[in-house]
Amino acid sequence: MGKKLKKYSYDDKVDVVKKFMEGYPSSRLVKEYDLTHRNRIYEWRDQVLKGGYEALKDHRGAKTKDHHRGRERSLEEENESLKLEVKYLKKLLDLQRR
C-alpha cells in the first residue's frame, strides 16, 4: 500500500509561512506543526510569494468541475448546431423534391 499524504489546513499553512517570514527557524516550525519535511515550508513560502496566500488554498477538483460544466455546455452547443443542420437539410431535401 502507498504512503498516505498528510493534509494541512489552509490556516496552518498561513501560520507557518507568516512565522517563517518573521524569522522563526524552520526546525521549530516542523516540530510545532508536525510537518513531514522542512521543504514543505519553502514550497508554501514560494507559493505565497508568487500568488499570495490564496495560492495556499486547496483547489483540487475545482478544475474537474469546471471542465465538466464546460464540456456540458459544448455538448449542448453541438446539439443545437446539429438540430439546426438537420432542420436545414430537411428543408433542402423538401425543396429538391418539388
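The table below gives the values:
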{"read-out": "At R0 = 25 Å, FRET efficiency that the Cβ-Cβ distance of Tyr10 and Arg71 yields, to 0.05", "value": "0.30"}
{"read-out": "Column: log10 I(q)/I(0), Debye, Cα scatterers of the chain, q = 0.24 Å⁻¹", "value": "-1.18"}
{"read-out": "Shape of segment 7-57, Cα gyration tensor, a/c cut at 1.5", "value": "prolate"}
{"read-out": "Accessible surface of the chain [probe 1.4 Å, protein heavy atoms]: carbon and sulfur percent", "value": "51"}
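The values are calculated or read from the model by the stated rules, or taken from the named source; none is laboratory data. Predicted, not measured: the structure shown is a model, and the values here were computed from it. Positions of Cβ are generated from backbone atoms using ideal geometry, with glycine treated the same way; all protein chains shown enter the neighbour counts. Keep in mind that these areas ignore ligands, DNA and RNA; they rest on the heavy atoms of the full protein, side chains included. Shrake-Rupley method; radii C 1.70, N 1.55, O 1.52, S 1.80 Å.
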